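The values are calculated or read from the model by the stated rules, or taken from the named source; none is laboratory data. Computed from a predicted model, the values in this text were never measured in an experiment. Every residue, glycine among them, receives a Cβ derived from its backbone with ideal geometry; neighbour counts consider all protein chains shown. Areas reflect the complete protein model, heavy atoms only, side chains present, ligands, DNA and RNA absent. Shrake-Rupley method; radii C 1.70, N 1.55, O 1.52, S 1.80 Å.
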Amino acid sequence: MATERASGDATRQASAGEREPPPWPRPAYSWYVVAILLFAYTLSFVDRMILSLLVAPIRAALDISDTQVSLLIGLAFALFYTLLGLPLAWIADRYNRRNLIVAGIAVWSVMTAGCGFAGSYASLFAARMGVGVGEATLSPAAYSMLSDYFPRDRLARAMAVYSIGVPLGSGVAMILGSFVVQAVLAAPTVDVPFYGPMDAWRLIFVWVAAPGILVALLMLTVREPFRRGRAAAAVMPDAPADAPGLVAHIGGQRAALGALFGGMSLIGLVMYGAIAWIPTFFARSYGMEVAQAGLWFGVIMAVGGAVGLIAGGALADRLFVKGVGDAHLRVMRLSILLGGPPLAAMALMPDPALAFAMLGLAFPCLTMHGVGGVALQLITPNEYRARMTALYFFVVNLVGLGFGPMLMALLTDNLFQDESALRYSIAVVAAVAFPLAAIILTWGFKGYARELARS
C-alpha cells in the first residue's frame, strides 16, 4: 500500500520535471530524528513554563504586580509565539527546516538564560518575547519534516511520540516546580564561579536553558529530508513556487479544516484551562499544598499523557491501514468520549484521592486527541504544510491558551462568585465544550475523508 503511494508520488513529480523521490529513509534513522525532536519539544515546554513556577521570588525581586506577572507568563510569550509562527513557517516551507530549528533552539535557550539576568521588568518581558520567537520555529518545521520521514500509514505513531513533549515537558516543569520553591526559599542566593552571588531563581533559568546547547548540537546530526507530495509543481508546472493557492487551498477544504480546527480548539479550551487551574483546585477544594498537588499532577501528565499519545497514534495508524479515511478524527472524538466524563467528575469528587484517580483515568484518554496534527498533514500539500501547521497552532493556542484559563476564572468570579467554587467552573467548561467538540468532529467526518481521497 505504502509502496503504491510512493510510486504514484514518483510518477507525478517526474512528470512535472522534478527528480524522482528517493526511497523512504531507514526506519531506525527516522525514529532517531523523532527522538531528537522529542527532546527539543520537551525542553521547549520546560523553558516555557518555568517562569510560572517562580512567581513569588520574581515579584519580590522586581517589585511587580500579579497582573504584570500574568503578562510575562501569557502575553509576552504567546503574542510572538503565535504571530511569528506564520512567517517562520513560510521560511520552513521554502528553505532548510533543520537549520531553522537549530536557530530557534539557540534563540529560545539564550533568551531563557537571559531571563535570569534581567535587571528590570522591561528586560524580562523582552527576554520572554525572545523565548516565544525561538519556540515558534519548532513545531511547524518538525511536523513538515516528519511528514517527509514517515509514510502515511506510520506517520501518526511518529507524531504521537513527538507530541509526548507536551505532557512530558509540562509534567517535568510541574514536578520541578514542587522542589524549586523549596530550594529558592532555602537558599535565596547562590555563589556562582566567575560571577559572584546570584539569586537562586535567576540561576534556575540558566540551568533549564543549558541543555539547549546539547539539543542544538544533536539537531545538527539530522538531515533535511526530501520534500514529498508537492502539489503546486504537479498541478501547475509553470506556476511560481510561492503559489498564491494557499488561500484557495484553505477555502477548498473549509469543511474538513473547520471540523479539525474547531474540534481541536474546544479540546484545547478545556485542556489548557484544566492544566492552569487543577493545582489550585486541589488547594482550594481539599486544602493541599499547591507544590504537592503540582507534583502528583505532573506525574499524571507525564505518564498518562505519553501513554495516551502513543495509544492514539497506534490506533489511528491501524484504522488508516484498514481504509478508514476519517480515522484520525474518529480517534479524536473517541478521546473526548472516554476522557471527558472522568475529567468533569474529577472536579466533583469528595476527596483528593478519588479526584487524582479520576484524573489518572482522564489524561491517557484525552491525550489521544494528539493525532489531530497528523490529520492536518495528510490533507495538506508539502509546500503548505509548515504554514498550515502554524495556522493550526495559532487558532488552537488563541482559543485554548488565550481563553481556557480565563473562562474558568470568569465563571468562578462572576457566575459562582466564590473562589472555592473553582471545581464547578472546571466541570461546567468540560461538560459544555467537550460535547460540542465531539459534534463538530462528527460533522466533519465525510468532508475530511473526501479531502483525504483527493490528496
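Among the conditions (1) among the hydrophobic types (A, V, I, L, M, F, W, C); (2) assigned to a loop (DSSP other than H, G, I, E, B); (3) under 18 Å from Phe393 (Cβ atoms), Trp108 misses just one, which is (2).
For (1) on the phi < 0 side of the Ramachandran plot; (2) open to solvent by less than 40 Å² (accessible area, probe 1.4 Å); (3) aromatic (Phe, Trp, Tyr); (4) part of a helix (DSSP H, G or I), each residue gets a yes or a no:
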residue: Val374; (1), (2), (3), (4): yes, yes, no, yes
residue: Tyr384; (1), (2), (3), (4): yes, yes, yes, yes
residue: Val396; (1), (2), (3), (4): yes, yes, no, yes
residue: Val399; (1), (2), (3), (4): yes, no, no, yes
residue: Phe403; (1), (2), (3), (4): yes, no, yes, yes
residue: Met406; (1), (2), (3), (4): yes, no, no, yes
residue: Leu415; (1), (2), (3), (4): yes, no, no, yes
residue: Ser425; (1), (2), (3), (4): yes, yes, no, yes
residue: Val429; (1), (2), (3), (4): yes, yes, no, yes
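I'd like to check something: does region 444-452 contain any residue that is in contact with a Leu (Cβ under 9 Å, 6 or more places away or on another chain), modelled with pLDDT of 95 or more and open to solvent by 40 Å² or more (accessible area, probe 1.4 Å)? No - not one qualifying residue is present in region 444-452.
Taken over region 312-363, the criterion of being open to solvent by 30 Å² or more (accessible area, probe 1.4 Å), within 30 Å of Arg152 (Cβ to Cβ) and outside any loop (DSSP other than H, G, I, E, B) is satisfied by Ala314, Leu315, Arg318, Leu319, Val321, Arg330, Arg333, Leu334, Leu337, Leu338. The sole residue among Gly119, Gly114 that is open to solvent by 10 Å² or more (accessible area, probe 1.4 Å) and outside any helix (DSSP H, G or I) is Gly119. Criterion first (open to solvent by less than 10 Å² (accessible area, probe 1.4 Å), within 28 Å of Gly294 (Cβ to Cβ), among the hydrophobic types (A, V, I, L, M, F, W, C) and within 19 Å of the chain's Cα centre (by Cα)) does Ala156 satisfy it? Considered against the rule, which asks whether it is open to solvent by less than 10 Å² (accessible area, probe 1.4 Å), within 28 Å of Gly294 (Cβ to Cβ), among the hydrophobic types (A, V, I, L, M, F, W, C) and within 19 Å of the chain's Cα centre (by Cα), Ala156 comes out as no.
Can you confirm whether region 173-189 contains a residue that is open to solvent by 10 Å² or more (accessible area, probe 1.4 Å) and in contact with a strand residue (DSSP E or B) (Cβ under 7 Å, 6 or more places away or on another chain)? Yes, that holds for at least one residue.
When Arg94, Arg128, Arg48, Arg59 are screened for being among the basic types (Lys, Arg) and open to solvent by less than 30 Å² (accessible area, probe 1.4 Å), only Arg128 passes.
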